[in-house]
Amino acid sequence: MSDDHTHVQEFFTARAADWDSRFPDDGPAYAAAVADLRLREGDRVLDAGCGTGRALPPLRAAVGPSGVVLGADLTPAMLRAAAEAGRDRHGRLLLADVSALPLRSGSLDAVFAAGLIAHLPRPADNLRELARGVRGGGTLALFHPVGRAALAARQGRRITPDDLRAEPNLRPLLARSGWRMTSYVDEDARFLALAVREG
């Protein structure tokens, strides 16, 4: 994928209005993944590539009223759908590209990213930018509500050895980008890789 985000924006703009209705049962998986992030009251968390904001309610519940929840996406239609669903009540929505976050270095405690990695134009650089925004010891969750095999079957394709989400590929990619992977789960019901910000 090139740095030109037109393709990604066109893909998600066309699907924004009915995105939630296409995946109506994902809520519990999002809530479970957020719980695994082990956020604390008052934490500052970014939902990177937030889409329609399905993670924002459990993120707000995890950090409480004193915490900060941000949802960043580069597709205006997805952010509009998030606001129409009332999810802007749980966090501030930002029209932003994760390759150039409008945040101070080290200003976050955690990043949650659902389905994001497949859409990153330069994964190592983009994950490094996420690391820049997180304090040392902060955490990252790369999540998808179904595992790699189930997603490939849904899309009518096969998993290839170069899949970025495969553990032998993801672990060194994260390490090159300032993260240390601490756990990896890839099962039919979910994909979740957790990492800690080095430094």
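Brief remarks follow.
- Beta bridges per DSSP with both ends in the chain, % antiparallel, nearest 5: 45 percent
- Per-residue ³J(HN,Hα) for segment 53-58, Karplus 6.51 cos²θ - 1.76 cosθ + 1.60, θ = phi - 60°, Hz, x for Gly and Pro: x, 5, 7, 4, x, x
- Taken one residue at a time, the phi angles of segment 148-153 give Karplus couplings (6.51, -1.76, 1.60, θ = phi - 60°) of 4, 5, 5, 5, 4, 5 Hz. Gly and Pro are set to x.
- On the chain, 52 percent of the accessible area sits on carbon and sulfur atoms, based on a 1.4 Å probe.
- FRET E, pair A166, A32, Förster distance 25 Å, beta-carbon r, rounded to 0.05: 0.70
- Contact order relative to length of the chain, as percent, for alpha carbon pairs under 8 angstrom and 6 or more apart: 19 percent
- Annotation for segment 22-54 versus segment 111-143: alpha-carbon center distance of 14 Å.
- Simple spin-label estimate for A124 and R89 in nanometres, 7 Å along Cα-Cβ: 4.5 nm
- 3J(HN,Hα) couplings calculated from phi for segment 104-112 with the Karplus curve 6.51 cos²θ - 1.76 cosθ + 1.60 (θ = phi - 60°) are, in sequence order, 5, 4, x, 7, 10, 9, 7, 10, 10 Hz; Gly and Pro show x.
- Accessible area of S105 (1.4 Å probe, protein heavy atoms only, ligands and nucleic acids ignored): about 80 Å².
- Note on the chain: helix-only mean residue ellipticity at 222 nm, from DSSP H runs of 4+ residues weighted -39500 (n - 2.57) and normalised by residue number, equals -9500 deg cm²/dmol.
- Hypothetical label at R157: residues of segment 116-139 whose amide nitrogen lies under 16 Å (7 Å Cα-Cβ projection): 116-123
- Computed over neighbours whose Cβ is under 15 Å from that of L39, the net charge equals +1, Lys and Arg +1, Asp and Glu -1.
- Solvent exposure ordering (accessible area, 1.4 Å, most first) of R180, R158, R122, R197: R158, R180, R122, R197
The values are calculated or read from the model by the stated rules, or taken from the named source; none is laboratory data. Please read these numbers as outputs of a predicted model, since none were measured by experiment. Neighbour counts are summed over all protein chains in view; Cβ atoms, including those assigned to glycine, are modelled from backbone coordinates with ideal geometry. Side chains are part of the model used for accessible areas, which takes the heavy atoms of the whole protein and leaves out ligands, DNA and RNA. Shrake-Rupley method; radii C 1.70, N 1.55, O 1.52, S 1.80 Å.
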